[in-house]
Amino acid sequence: MATAIVHCKICKQAFNRLDPKLIEGVDWVKPTNRVYYHKKCYDDFAKKKGQIGKDGIEFEADEAIWKTAAEDYLKRDLKISINYPKFNQQWKKFVEKDGRTPKGIYFSLKYFYDIRHNSTEKSEGGIGIVSWIYEEATEYWGKRNQADKGIVARLEEQIKKDRAQKAKVIFQQKKKKEQKVDFSILEEEDDE
């Protein structure tokens, strides 16, 4: 049996995504490229919208949402080729060492590229700019949220709905067509 061992982003447990006993969309989901979750883990954190805390699964779930949203934003919206080892190292440093929130990292990127209209050419597939722009972006989004009540919450809700919709997509395995063999030809030859 072929193996493709992956880890759930929430519980960190390994599983073989090619195991015939595990069905994509029922036992596990892949909302974006190279990101895997147990279906139950993904459903649980999708239900916890708006709950941000640095303890337990709630934070891990939110971190996974915002990290995936940041990857999608860079990859799909800005067409940046992500250097995943660099991206993951920088993300981990910002969250664990610098105390940045995953949501803050995402909104810093949105601020830098969408609001300030900076070029993506110097990104080199990473998010290093966050360390330079984070405080300014936080101030901007705070003022913007006061002027336009709830804009950050609306953007956040839109991102989380997008994540939840991708989790609902269930891929069904195609059944192989059975080949039928007509043995009546062989019987006729035996009669002769």
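In table form, for the structure just shown:
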| item | result |
| --- | --- |
| Residues that are among the basic types (Lys, Arg) and either in a strand (DSSP E or B) or touching a Leu at 6+ places or on another chain (Cβ under 9 Å) (or both), drawn from segment 1-43 | 30 |
| Residue list for segment 12-32, restricted to those being touching a residue at least 60 places away in the same chain (Cβ under 8 Å) and under 23 Å from residue 162 (Cβ atoms) | 24, 25, 26, 29, 31, 32 |
| Single residue of 67, 54 found to be modelled with pLDDT under 85, of a type outside the set (Phe, Trp, Tyr) and closer than 28 Å to residue 152 by Cα | 54 |
| Residue in segment 143-162 that is in contact with an Asp or Glu (Cβ under 6 Å, 6 or more places away or on another chain) and either within 24 Å of residue 30 (Cα to Cα) or of a type in the set (Asp, Glu) (or both) present | no |
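The values are calculated or read from the model by the stated rules, or taken from the named source; none is laboratory data. Every value quoted in this text rests on a predicted model; they were computed, and no experiment measured them. Here the Cβ is made from the backbone with ideal geometry for all residues, glycine too, and neighbour counts use every protein chain on show.
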